[in-house]
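Undergrad: Pasting a structure below so you can have a look.
The values are calculated or read from the model by the stated rules, or taken from the named source; none is laboratory data. It should be emphasised that the depicted structure is a prediction, and the values quoted were computed from it without experimental measurement. Counting neighbours? That spans all protein chains shown, and the Cβs are built from the backbone with ideal geometry, glycine included. For accessibility, only protein heavy atoms count, side chains too; no ligands or nucleic acids. Shrake-Rupley method; radii C 1.70, N 1.55, O 1.52, S 1.80 Å.
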Number of protein chains: 4
Amino acid sequence: MIFFNCDYNEGAHERIIKRLVETNLEQTTGYGEDDYCRQAAEMILEKCELPEGQVHFLVGGTQTNLTVIAAGLKPWQGVISADTGHINCHETGAIEATGHKVLALPGRNGKLKGDQIREVVKAHREDGSHEHMVQPGMVYISNPTEIGTIYHQKSLEDLYNACQECGLYLYIDGARMGYGLMARDNDLTLPFIARHCDAFTLGGTKQGALFGEAVIITNPALGKDFRYLIKQRGGMLAKGRLLGIQFQELMKDDLYFELSAHANAMAMKIRSTLVDLGIPMPIGSTTNQQFAVFTDSELGRLAGKYSFSYWERVDASHSMVRICTSWATREEDVDALIKDIRREK
Amino acid sequence: MIFFNCDYNEGAHERIIKRLVETNLEQTTGYGEDDYCRQAAEMILEKCELPEGQVHFLVGGTQTNLTVIAAGLKPWQGVISADTGHINCHETGAIEATGHKVLALPGRNGKLKGDQIREVVKAHREDGSHEHMVQPGMVYISNPTEIGTIYHQKSLEDLYNACQECGLYLYIDGARMGYGLMARDNDLTLPFIARHCDAFTLGGTKQGALFGEAVIITNPALGKDFRYLIKQRGGMLAKGRLLGIQFQELMKDDLYFELSAHANAMAMKIRSTLVDLGIPMPIGSTTNQQFAVFTDSELGRLAGKYSFSYWERVDASHSMVRICTSWATREEDVDALIKDIRREK
Amino acid sequence: MIFFNCDYNEGAHERIIKRLVETNLEQTTGYGEDDYCRQAAEMILEKCELPEGQVHFLVGGTQTNLTVIAAGLKPWQGVISADTGHINCHETGAIEATGHKVLALPGRNGKLKGDQIREVVKAHREDGSHEHMVQPGMVYISNPTEIGTIYHQKSLEDLYNACQECGLYLYIDGARMGYGLMARDNDLTLPFIARHCDAFTLGGTKQGALFGEAVIITNPALGKDFRYLIKQRGGMLAKGRLLGIQFQELMKDDLYFELSAHANAMAMKIRSTLVDLGIPMPIGSTTNQQFAVFTDSELGRLAGKYSFSYWERVDASHSMVRICTSWATREEDVDALIKDIRREK
Amino acid sequence: MIFFNCDYNEGAHERIIKRLVETNLEQTTGYGEDDYCRQAAEMILEKCELPEGQVHFLVGGTQTNLTVIAAGLKPWQGVISADTGHINCHETGAIEATGHKVLALPGRNGKLKGDQIREVVKAHREDGSHEHMVQPGMVYISNPTEIGTIYHQKSLEDLYNACQECGLYLYIDGARMGYGLMARDNDLTLPFIARHCDAFTLGGTKQGALFGEAVIITNPALGKDFRYLIKQRGGMLAKGRLLGIQFQELMKDDLYFELSAHANAMAMKIRSTLVDLGIPMPIGSTTNQQFAVFTDSELGRLAGKYSFSYWERVDASHSMVRICTSWATREEDVDALIKDIRREK
C-alpha cells in the first residue's frame, strides 16, 4: 500500500535524524531553554526580518492552536474562523475547551476576506444587546488552508487591515506553511507574513520534522508570559532541544523550503495528469493537497494499492478524495499512481 | 412609551408579590432547602405526573442552561442546537465557557427534527477520525422557540426517539413554556413533555414571577449531585425560598397557565389585525412573540409611542420587528396599538 | 426555633419590600440598564467619592466572586486568598471552574498581610522555573472576614501597597461590608476602601435586601467589558431593576448602615454576656458573627430552641459554634438567648 | 559542567535511537493507531497481567496528568493530592485550568495514607452544606514521589482500599515508575499496581526515551472515549508511532528496568558516600533522586563543576539540593562527584 492520504506518514528527513543522533547524549537545559532552541529561534527571526519577535516550539498543532488562541482572548471573546478551519472541525472542540466560541464564517475557498470580518464586528457592535453575544477577539486563518488554497499579499493585507481596524488579533496557522510559500502562484514571504499578523506558525510535523510547530509572535501583547501558558496546557517538552535541533536543521540551507518545493512538484504532477484526463478537481489548490472526484469503481480499483483521504460524497456514484504528497513522497510512487489512474480512464 | 419589546418589563403578578410580602419575615433554611421550595417542587412534579423527578430552582435562564448542559456533557462532548437557539446566539458563549461546543444545525422554523440528529450522529460515528471531532452528547431545544413556534407531540416524540436511539440527552429550555402550552394549536402537556426528554424548564421570569426558572430533571443520571453544580456556577440563591414561594403561587390554581393564556390572547389579537391589514408576518407563531414586517415610515411613526424589538432588515425599505406580549400586557394597550397600526395602513 | 445560624434567614427590610411593591408594574428596560440601577450606582459612587467608578449589580456572592476574579486574571494566573477565604472553602470550586487556582495562604485571624503577598510573589519570581508554577495575579480578601474580624486603615493600606508593588489586583469581598464598617473598632470608610483596592463589593443579601451584591470597580482595567462576563457567567438579571431598587433604598438615609449597626449591637450584647460567663470566644470578632465554645451538654439543651451554625470540634466535650445576628434580629430573641445561656452556666 | 540536576538532560538510549532510525521512512497510520503502538500496548498489558486494560501514549507528563484527571472528574469534583504532588506545585495550574480544584493534603514523606482519604471524604459528606464544597472525586499519587520515596504493597493497598470504600478513582503518576520498581526496598510489581489503582503511567521521558508517557487504564469507566480527550487537550501525536516504537524497545528485554536499576545504583553510591561523610540527607529516598544538605561554601565550590537542583534553604548557612541520576548517568561522573565531595569534607 502506498499512502497518499496525508503528509505525516513517515518520520523525519535524514538530515534531521542525523542531527538527533549526533546530539543524543549531550546534556542540555530542559524546557526549550537550551542553545539549540535559541539558535533555531534566531534563524527563524532572521528569515522573518523580525529581530524583536518571540519564537516558541511546541510539539503538535492542536496544542499550538489552543495555546495561542487562549493567550489572546478575554474570557468573553471568541475567535473567527472559516467554517472549514481546522479549529472548527478537527480539533475535538479544543478551543471551546479553553472556554471560547469559534465564530465560524462561510469560507470562500477556505479563506476569509476583510469585509467579512468588518461585517461581523460591525453587526456585533451595533447590536443593542451586544454583551449578550460573544465578542470577536481574534481571527484564525490557515495558510495554506485545509483545502490547499493560499492567501496572497493582497488578500492577507486586506484581512490584516480589517483586523487592525477592528482591534482583533490575526493568527495564521501555518501547519503547512512551507507548502504554501513554495506554491507556484505564491507571492507571500516570511517577512511579509510577519508584518501582517500578530502570530503565525511554521509547521514541522508535516514538513520534514518528526514533530514540532514553531510559533512566531510578532505582537508583544500576545506574547506576554506565553511560556506559562505553554506549560499549563501541556505543551512544554521536557527535552525541548529536540524541537530546537529539528528546526535549526530545517532552516539551515533552507531545507524546509526545498522539501516543500518537492512535495508541491509531486502534487502538481498528479494534478496536471488528472486535469488532462478530465477528472474533476473542484478546488484550485497549488499546494501539496489535491482534491479529485472519482467514480466509485475507479476508487474501488485504486484502493487496493493506494491510500487516499476520503473527503465527501459528491453524488450517487462519485466521491471526492484528498491526494496528499509530502517532503517524503517518492517520484516513483507518483509515477505509479499516475499510470494506474490513466489506466482507469 | 408602551413596551411590546419583551416579556420581562414588569415585576411580578400581584399574587406573587402578596405572598412575598406575607412571608417576608419568616425565618427559613437557605439555599432552596426550605418548605416552600419543597412544596413548589411537589406541585410541579404532580402536574408532570413525575413522582420521582427532581426540581431545582434557579434565578436566570443563561445560568440554568449552562448548569444543565454542563451537568450532562463529558468534557469532549458538545450540545446540538438549532442555529437560532438561545444558547447559540444570545448567551455570550456561556456554554463554550463551560468547555463545550454548541453544534448548530439549521433550524426549521426554529426547530430541530429527529432525522437531523440521526444524520449528525451517524456522520460523526462513521467518520474514521471521529475522535478528532466533538462528540454530540445532548440536544437542546426551546419550546416555544426563540421565534415563537412550538413543538407538537409528534415532533417532540420524533426528536426524543432520535435522541434515545443515539444515546443523547434531550433538554428543553422552557423559558416561555407556559406560552407554548397555552397556544391554540398546542397538543403538548406537562406529563407528555416529562416523558419525552431528560430535563426541561418552566420559566418564571417571563411568565409572572420576579425571576426564576424551575429545572425538572426526569433522568436521574443527569440529576446526580446537581446541587453541587448549581452552587459552583453561582446559581444557588441564598434565600432560595423566594423561588419556592413564587413557583408555589404560579402553580396554585394554575395561575401560570392563566397568565400565559392571557398573553397569547393579546398576541393573537395583534396578529389577526396585522394579517387582516396584509402586513407580512413570515413566522407562524401562535404564542406571545409575533414577528411583523413594517415599512420604515410605519415603524418610524409607531416608534414614538411603542417599543418593539428590532429583529432584522428585510429589504431597502422594510424591517422585521418582534412584538411581544406578556402576562402583564394590558388589553387597552393592545387596542391602542392596533388602532395606531390601522391608522398607518 | 429561633435562628442565629446565619444572616439570610429572612426576606428584606420593610422599606425595600415597600419600594418593590410600589414599582412592581412599571415597565423598564432590562438587564440593569434602567434608571433605578443608574441612580443606585450614582448613590454608591457618591458615598465612595469615586465619580469615575463602575457599579454592577449581581444576584449572589459566589457568582460575583467568580465573575470579578475571572475578569482580572490571565489564564495562567491564580488568586491569593486566606485559607479561610470563602472562595477557598465554600464555593464548590467556583474559581477553579473558571480555570484559576486559589493560592491559599495561612490567614491570621482570617486576614492577610502585605508581607505575605510580597513573600509569595518574590518566591515565585525568583524560582528559576517560575513558569512551572501558577503566577499570582490577584489578592482576594473579605471584610469582615469569614470569622467576623475586620481590616483597619493600616492593615488595608499595607496590603494594597504590597499588591501595587507586586502588580496584583486587590479585590475585597464585602458580602458583609456594612457590618464591618459599623463595627465599634472600625476606622475604614467607603472612600478609603475605594482608594485602596481595585474592586470591592457591598453585599445586600446578608444586609437587608432580598438578594444582591453591588460590585464597585475602581480600576478601569479590571472593568473593561465587564458586562459581557456578567452575562456569560449567568449573573445578569433580566429584571435588573430589582437590584437597583433595593440598593437605592439601602443607600437612602444610610439604611444599609443603620441595619448593620443594629446587627452589631445585638452581636455585642451576646458577646459581652458570654465573656462575662467565661465562655471561651477564641475569635476577636466585633461584627455580627460571634464564635463561642460550648460544652456538648450546653449545646444539646440550647439546640432545642436556637439554631446556631456548627463550626468545629474543639475537644472531646466542646464544640465551637457561630452565633450570627442580622439586620432582622429581634432584641427580644437576643434577650431570650442570653437568659437561656445564663441558665446553662 | 556535569549535570546531576535532573533526569532529562540527554536524549534517548541508543537502542531507541537505533529503532527510530530503522523505522524512519516507513509509512504508518497516524495518531497512535499503528502497529508499533498496538504491539507496545500489548507488551505493557502483558507485563501488567491486564489483558483487558487500555494503553495510551502521550508525549509529556503535565499533558498526561491533566488528561487523565479531566477524564475522571465530574465538573464539581476535585482531585486529592499530597501537598508536594507535582500537579499541586509544578504544573502551572494545569488541573485547575481544566476546572478542577486540587485538594492538597499534608504529605508524609511525599505520600498519602488511606486514613487521610477517609477523613477528608467523611468530613465532606458529614458537612451539612457539603454541596458548598468541592467533592473529592479522585486521588492522585506519584510513585516514586517527587522526593524519591516509594509506596509499598501495604501502603498502596491501604490507599486503594480507602479509595474503593469512598468511591474515588486512584491515579498513580509513574513519571519515574521504573526507578521506583527497581529500588532496593521495593515490593511493588506491575501486576500488583494494575490491580490497585484505576489508572497509572509508565514514564518514558525520564527513563530512557526521548519523550513519552504510557497511560495504563485498568478501570474501563475511566477509559471510555479517552482518545477524544487526548485529542482535545492537544496530546495526540500525529506520528504516534514514535511513542509506540520507543515503548516497544523499552519493554523489550526489560530495557526499561535495566536502565532504572543503573540509575538507582548510581544514586545509592552517591548516597552511601554522603551518609558516610555525615552530610545530612533528611529524605529517605532509595531511588534516583537524592536530597543532601550542604554548607554554602561546599555548594559554592561544587557549583563550578556540577549542576544540582536547588531545593530549599535550610538555615543561615545550609541549603538542600537534589542530586539526580538517570539511565544516562556515567559511573565516571559519579566517581568524580564523590571524589570532589570527599575533598570538601
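Undergrad: Tell me which residues come under 5 Å, amide H to amide H, from C:ALA104 once H is placed; ignore anything under 5 positions away on its chain.
TA: Excluding prolines and chain starts, which carry no amide H, the hits are C:SER81.
Undergrad: Follow-up. Where does the charge balance sit around A:ARG322 when Lys and Arg score +1, Asp and Glu -1, over other residues with C-beta under 11 Å from its C-beta?
TA: Result for the local shell: -3.
Undergrad: Separate question: Considering protein heavy atoms only and a 1.4 Å probe radius, which residues within the range A:54-99 exhibit an accessible-area decrease of no less than 30 Å² in the full assembly relative to the chain by itself?
TA: Relative to the lone chain, where solvent access is computed with a 1.4 Å probe, the range A:54-99 loses at least 30 Å² at A:VAL59, A:THR62, A:GLN63, A:PRO75, A:TRP76, A:HIS90, A:THR92, A:GLU96, A:ALA97, A:GLY99.
Undergrad: I'd like the accessible area for D:HIS318: 1.4 Å probe, protein heavy atoms, all chains in place, Å² to the nearest 10.
TA: Surface open to solvent at D:HIS318 totals about 50 Å².
Undergrad: Cβ under 11 Å from C:ILE150's Cβ, C:ILE150 left aside: what net charge do those residues give with Lys, Arg +1 and Asp, Glu -1?
TA: With Lys, Arg at +1 and Asp, Glu at -1, the net is +1.
Undergrad: Under the rule of at least 5 residues apart or a separate chain, name every residue whose amide H is placed under 5 Å from the amide H of B:ILE283.
TA: B:PHE291
Undergrad: Taking the axis about which chain B rotates onto chain D, which residue of B lies nearest it as judged by Cβ position, and how many whole Å separate them?
TA: B:GLY99, 3
Undergrad: Per residue of B:17-26, how many C-beta atoms from partner chains lie within 10 Å of its own C-beta, taken as a mean?
TA: 4
Undergrad: Return the whole-Å distance between the Cα centroid of the range B:102-125 and the Cα centroid of the range D:255-286.
TA: 61 Å
Undergrad: First measure r as the distance between the Cβ atoms of A:SER129 and D:VAL21, then evaluate 1/(1 + (r/R0)^6) with R0 = 56 Å and state the FRET efficiency to the nearest 0.05.
TA: 0.40
Undergrad: Take the alpha carbon gyration tensor of chain C, find the square roots of its eigenvalues, order them as a ≥ b ≥ c, and report rounded if a/c is under 1.5; if not, report prolate when a/b exceeds b/c, else oblate.
TA: Here chain C falls in the oblate category.
Undergrad: How high is the FRET efficiency from B:GLU14 to C:GLU14, r the C-beta distance, R0 22 Å, rounded to 0.05?
TA: Once the sixth-power term is evaluated, E becomes 0.75.
Undergrad: What does the charge dipole of the range C:190-236 about its Cα centre add up to, to the nearest 20 debye, if the Cβ of each Lys and Arg holds +1 and the Cβ of each Asp and Glu holds -1?
TA: 80 debye
Undergrad: Using a 7 Å offset from the Cα along the Cα-to-Cβ direction at both B:GLU33 and D:THR295, what is the distance between the two label points in nm, to one decimal?
TA: 6.1 nm
Undergrad: Using a Cα-Cα cut-off of under 17 Å, which lysines could be cross-linked to B:LYS113, ignoring same-chain neighbours fewer than 8 residues away?
TA: Qualifying lysines at Cα under 17 Å: B:LYS122, B:LYS154.
Undergrad: Run the 1.4 Å probe and let me know the accessible area of A:TYR31, rounded to the nearest 10 Å².
TA: 50 Å²
Undergrad: Which cross-chain or sequence-distant (5 or more) residues have an amide H under 5 Å from the amide H of A:GLY93, H modelled 1.01 Å from N in plane?
TA: Those lying under 5 Å, H to H, from A:GLY93 are B:VAL134.
Undergrad: Compute the FRET efficiency between B:LYS74 and D:ARG330 as 1/(1 + (r/R0)^6), taking r as their Cβ-Cβ distance and R0 = 35 Å, and round to the nearest 0.05.
TA: Step by step, r from the Cβ atoms, then E = 0.15.
Undergrad: Of all chymotrypsin sites (Phe, Trp or Tyr not before Pro) in the range B:243-276, which ones are in loop regions per DSSP and have a Cβ with at most 12 other Cβ atoms within 10 Å?
TA: In loop regions of the range B:243-276 (DSSP not H, G, I, E or B), there are no sparsely surrounded chymotrypsin sites (Phe, Trp or Tyr not before Pro).
Undergrad: Helix-only mean residue ellipticity at 222 nm, chain A, DSSP H runs n ≥ 4 weighted -39,500 (n - 2.57), per residue, nearest 500. What is it?
TA: Rounded to the nearest 500, it is -12000 deg cm²/dmol.
Undergrad: Moving on. Computed over the Cα atoms of the protein assembly as shown, what is the ratio Rg over Rh, Rh following Kirkwood?
TA: Looking at the protein assembly as shown, the ratio lands at 0.98.
Undergrad: Also: To make sure I understand the rule: partners must be lysines, Cα under 26 Å from the Cα of B:LYS252, and not fewer than 8 residues away in the same chain. Which ones qualify?
TA: Cα-Cα hits under 26 Å: B:LYS18, B:LYS47, B:LYS206, B:LYS239, C:LYS18, C:LYS239.
Undergrad: At a 1.4 Å probe radius, carbon and sulfur cover how many percent of the accessible area of the range C:206-345?
TA: Reported share for carbon and sulfur atoms: 51 percent.
Undergrad: Compute the distance from the alpha-carbon center of the range A:145-169 to that of the range D:128-148, in whole Å.
TA: So the separation of the two Cα centres works out to 47 Å.
Undergrad: Of the trypsin sites (Lys or Arg not before Pro) in the range B:276-317, which ones lie in a loop per DSSP and count no more than 16 other C-beta atoms within 10 Å?
TA: B:LYS305
Undergrad: Using a Gaussian network model on chain D with a 10 Å cutoff between Cα atoms, which of D:SER326, D:SER129, D:SER272 fluctuates the most?
TA: Sorting by GNM fluctuation, first place goes to D:SER129.
Undergrad: If we count every other residue with Cβ under 10 angstrom of D:LEU25's Cβ, Lys/Arg +1 and Asp/Glu -1, where does the sum land?
TA: -3
Undergrad: Are there any helices in chain A, counted as whole DSSP H runs, that stretch 24 Å or more along their axis by Cα and score at least 0.0 on average by Kyte-Doolittle, and if so which?
TA: A:255-276
Undergrad: Which distances in nm, rounded to one decimal and ordered from shortest, link the label point of C:ASP127 to the equivalent label points in the other identical copies, with labels set 7 Å from Cα toward Cβ?
TA: 2.5, 3.9, 4.1
Undergrad: For the range C:112-244, what does the alpha-carbon gyration tensor say about shape, rounded, prolate or oblate, given a ≥ b ≥ c as the root eigenvalues, a/c under 1.5 as rounded, and a/b over b/c as prolate?
TA: Cα axes put the range C:112-244 in the oblate bin.
Undergrad: Which aspartates and glutamates, on any chain, are close to B:LYS345 with Cα under 12 Å apart, when same-chain ones fewer than 8 places away are left out?
TA: Straight-distance partners of B:LYS345: B:ASP276, B:GLU298.
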